[in-house]
Amino acid sequence: MMNEAIIKEIMQGNLKLAKAFNLTANPHSINSETTEYDVVFEYNKMRLLRFKPLAKKGFRTPLLMVYAVINKPYILDLQEDRSVVRKFLEKGFDVYLIDWGSPSDADKFTCLDDYINFYMRYAVDHICKENSCTQISLLGYCIGGYFSTIFSSLYPKRVKNLIIMSAPIDFNVKGGPLHVWTQKDIFDVSRFTEAYGNCTPDILNNGFMLLNPMENTYLKYLGLVEKVDDKDYVDNFFRMEKWNNDGISIPARFFVEWIQDGYQGNKLVKGELMVAGKPVSLKKITMPLLLIVGTSDNLVPPDSTLGLLPHVKSKDTKVFENPSGHIGISVGRKAHKVMWPEVIEWLAKHSEK
Amino acid sequence: MASSNSKNNDKTEELIEVMRKYQEEMFKNWNEAIKPGSPMDTTNSALFTNIMNNYWEKMNMDITMAMPQIMKGDEGSLQKQKELFVSAMRAYSDMLKEFLVSPAFLAYLKQAYADKTDMKIRLDKANDENLKLFGIVTRKDLDDINFNLYNLNKKLDRLQDAISELKGGK
């Protein structure tokens, strides 16, 4: 026979379940993008955001953050106490962020050349003009890190410091399912884009969900039921859900390049990658280089990012390994408490005052 | 008018025929994929057995460890059951992850990619043919326009860059 304590536990559990159902059916509005900014430059759908200072300007070298072309970049400024943007602003950095916008069918021909030689170069030109300087510090996250590495190879004089965070650079590493599912003999990406055009967020999210099938479905919601009375947890949960489901399409032409040159060809580290007919040589990277990896990142295995080191000529290099996954590195409590203050110290030491 | 209607009927029949053939082919492919000896052979236990065994082994161990407390039925036993559920889900997740990179699944994935894209391309082509009959702009027409616009814009940007460079602006 069940005792009183168990009956109480079951009743409490049911109450939590009802609350969680109610919350998921009627989620309250969540504020993301916590820091104020101005849109200082626009090109096609790209917007260059300049954040309003939170402290006296301490450094002459501005910082440009470049996020992936998969999700919205506000993951770097998701909530006040865990905002990478805010951390740099509080130290006195002038922070810019590229928002790629949401590509439509009309943008399906956008390619790597456009991202590097137009979008990024124009953004850097604008920042330098606004600050009367010739160099910037570059922080690239995920595919934004891949772009930043290529940009630094092609325009090394424009980049004073390079920070690469959880970026797929070397694809010839023991990787997760994404590496396997995109193999040449399995996935004909040209035919795929011929059929579907841009690679939509739904397709990508289904793939990402399968990286941790039960954790990303049942267990995620079980966690919400368990902690439904914890306001911070619930807010964080919905903030992440909002961001996760706020993805953007990858332009068809770039998607083909990304899969063929990256996952299938590993051309960047082989020295075979060409952008608008120009070879991309990683040896041109001589500026101070900081690599940040999440030790349990199953989207971009740490070795993929660390694989950049043997190919560059930078003498001043440093690696931060954070015990987190791909997203935890930018929004994780531990990363903000321990790692980010050290990253900011590193950049402060390497920036002109 | 009558000739236009008859032409439309012919096209519709053509489209139905394309779809019927596609369905036929899809079933044929599916039967090929699961026939004995194929990578998706559901009767061949060797493909899935190792993955399943690992999973059941872990599950059995967890259940054996948790059972005494659950059987007591006192405070905390519900928590134990929840932990067991989470543990089972994690083990199941591990099993799925292993399966999702197994040769059996990859063979299926390859076939699925190919079938889905083929179907989409064929249907789009058939739709475009029908739209053309009514003089409606097709996806291909829009793609061509967008591609031309994209190239023109890019040329313009490159020219502007060249002008700036000549002026010594950049």
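Computed quantities for the displayed model
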{"item": "Selection count, segment A:114-149, where residues are buried (at least 24 other Cβ atoms within 10 Å of the Cβ) and among the basic types (Lys, Arg)", "result": "0"}
{"item": "Residues located in segment A:188-211, provided they are among the aliphatic types (A, V, I, L, M) and within 13 Å of chain B (Cβ to nearest Cβ)", "result": "A:VAL189, A:ALA195, A:ILE203, A:MET209, A:LEU210, A:LEU211"}
{"item": "Residues of segment B:107-125 that turn out to be without any contact (Cβ under 8 Å) to a residue 40 or more places away in the chain and either β-branched (Val, Ile, Thr) or more than 9 Å from chain A (Cβ to nearest Cβ) (or both), as a count", "result": "4"}
{"item": "Where B:SER87 falls short, out of the listed (1) within 11 Å of chain A (Cβ to nearest Cβ); (2) loosely packed, with under 14 Cβ neighbours inside 10 Å; (3) at pLDDT below 85", "result": "(2)"}
{"item": "Considering residues of segment A:208-225 that are farther than 16 Å from A:VAL180 by Cα and in contact (Cβ under 8 Å) with a residue 24 or more places away in the chain only, the residue farthest from the chain's Cα centre (by Cα)", "result": "A:VAL225"}
{"item": "Residue in segment A:15-58 that is modelled with the highest pLDDT, counting only those that are among the hydroxyl-bearing types (Ser, Thr, Tyr) and more than 30 Å from A:PRO251 (Cβ to Cβ)", "result": "A:THR24"}
{"item": "Options A:LYS267, A:LYS349, A:LYS315; residue that is surrounded by fewer than 19 Cβ atoms within 10 Å (Cβ to Cβ) and either in contact with a strand residue (DSSP E or B) (Cβ under 6 Å, 6 or more places away or on another chain) or farther than 24 Å from A:ARG60 by Cα (or both)", "result": "A:LYS267"}
{"item": "Pairs, first within 9 Å of chain A (Cβ to nearest Cβ) and in contact (Cβ under 8 Å) with a residue 12 or more places away in the chain in segment B:138-162, second surrounded by 13 or more Cβ atoms within 10 Å (Cβ to Cβ) and among the polar types (S, T, N, Q), C-beta under 9 Å, six or more apart", "result": "B:ARG139/B:ASN127"}
{"item": "All positions within segment A:154-187 that are part of a loop (DSSP other than H, G, I, E, B), within 14 Å of chain B (Cβ to nearest Cβ) and within 28 Å of A:ASN117 (Cβ to Cβ)", "result": "A:TYR155, A:THR182, A:LYS184, A:PHE187"}
{"item": "Out of B:PHE48, B:PHE105, sole residue that is touching a helix residue (DSSP H, G or I) at 6+ places or on another chain (Cβ under 6 Å), at pLDDT below 85 and part of a helix (DSSP H, G or I)", "result": "B:PHE105"}
{"item": "Boolean, A:ALA252 is at positive phi and at pLDDT 85 or above", "result": "no"}
{"item": "Conditions (1) crowded, with 16+ Cβ neighbours inside 10 Å; (2) more than 21 Å from A:SER304 (Cβ to Cβ); (3) out of contact with any Pro (no Cβ under 7 Å at 6 or more places or on another chain): number failed by A:ASN198", "result": "(3)"}
{"item": "Residue under evaluation A:SER29, criteria (1) touching a residue at least 40 places away in the same chain (Cβ under 8 Å); (2) out of contact with any Cys (no Cβ under 8 Å at 6 or more places or on another chain); (3) of a type in the set (Ser, Thr, Tyr), criterion not met", "result": "(1)"}
{"item": "Single unsatisfied condition, A:LYS57 versus (1) without any contact (Cβ under 8 Å) to a residue 60 or more places away in the chain; (2) more than 23 Å from A:LYS334 (Cα to Cα); (3) in contact with a Ser or Thr (Cβ under 7 Å, 6 or more places away or on another chain)", "result": "(3)"}
{"item": "In segment B:149-159, the residues that are over 14 Å from A:ASN44 (Cα atoms) and exposed (fewer than 11 other Cβ atoms within 10 Å of the Cβ)", "result": "B:LYS155, B:LEU159"}
{"item": "Enumerated helices (runs of 4 or more DSSP H) restricted to segment A:246-325, each holding at least 2 residues that are in contact (Cβ under 8 Å) with a residue 40 or more places away in the chain and closer than 15 Å to A:SER152 by Cβ", "result": "A:267-270"}
{"item": "Residue tally, condition more than 26 Å from A:LYS157 (Cβ to Cβ), touching a Pro at 6+ places or on another chain (Cβ under 9 Å) and more than 9 Å from every other protein chain (Cβ to nearest Cβ), over segment A:97-127", "result": "1"}
{"item": "Selected residue (only one of A:PHE237, A:PHE192, A:PHE171, A:PHE187 is within 16 Å of A:HIS326 (Cβ to Cβ) and at pLDDT 85 or above)", "result": "A:PHE171"}
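The values are calculated or read from the model by the stated rules, or taken from the named source; none is laboratory data. Fair warning: this is a prediction, and the values are worked out from it, not measured in the lab. Methodologically, a virtual Cβ is constructed for each residue, glycine included, from the backbone with ideal geometry; neighbour enumeration extends over all protein chains shown.
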